[in-house]
1. Looking at the range 30-66 only, could you name the residues that are within 30 Å of Q20 (Cα to Cα) and either at pLDDT 90 or above or not in a helix (DSSP H, G or I) (or both)?
2. At pLDDT below 65, in a helix (DSSP H, G or I) and not assigned by the TED database to the domain that holds M53, is that true of L3?
3. Kindly provide the set of residues from the range 30-77 that are open to solvent by 80 Å² or more (accessible area, probe 1.4 Å) and polar (S, T, N, Q), ordered by number.
Amino acid sequence: LRLAQSPHAKPCSSLPAGSQLPCFHGSSTIRNLKERFHMNMTEEQLQLLIEQMVDGSMRSITTKLYDGFQYLTNGIM
């Protein structure tokens with residue numbers, strides 16, 4: 001899991017803190033983005049978190065509604 005994650009997390013460390021782009025305004029934007037990669041977790045903790053996220057998504061009514069929408073509009077199941 002960590003190997004697949006690391007190449008995507010590294011560009012976050014080079015994001016400019018003082019960027020003029022509106023999406024980066026606010027002191028917590030870049031920090032929050034970096035936190036989403038959970039680089040501070042062990043492999044076991046990360047695996048458990050991902051399993052919990054997938055399980056929660058599979059039981060979510062919004063996931064089921066979105067899947068139904070995709071099926072009806074695009075034939076994607």
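The values are calculated or read from the model by the stated rules, or taken from the named source; none is laboratory data. All figures in this text were calculated on a predicted structure; none of them were measured in a lab. Each accessible area value is taken on the protein alone, full model and side chains, heavy atoms only, with ligands, DNA and RNA left out. Shrake-Rupley method; radii C 1.70, N 1.55, O 1.52, S 1.80 Å.
1. Here is the first cut: in the range 30-66, the residues within 30 Å of Q20 (Cα to Cα) are 30-40.
Hits for the range 30-66 are R36, F37, H38, M39, N40.
2. Values: at pLDDT below 65: yes; in a helix (DSSP H, G or I): yes; not assigned by the TED database to the domain that holds M53: yes.
Yes; evaluated as a whole, the condition is true for this residue.
3. N40, Q45, Q47, Q52, T62, N74
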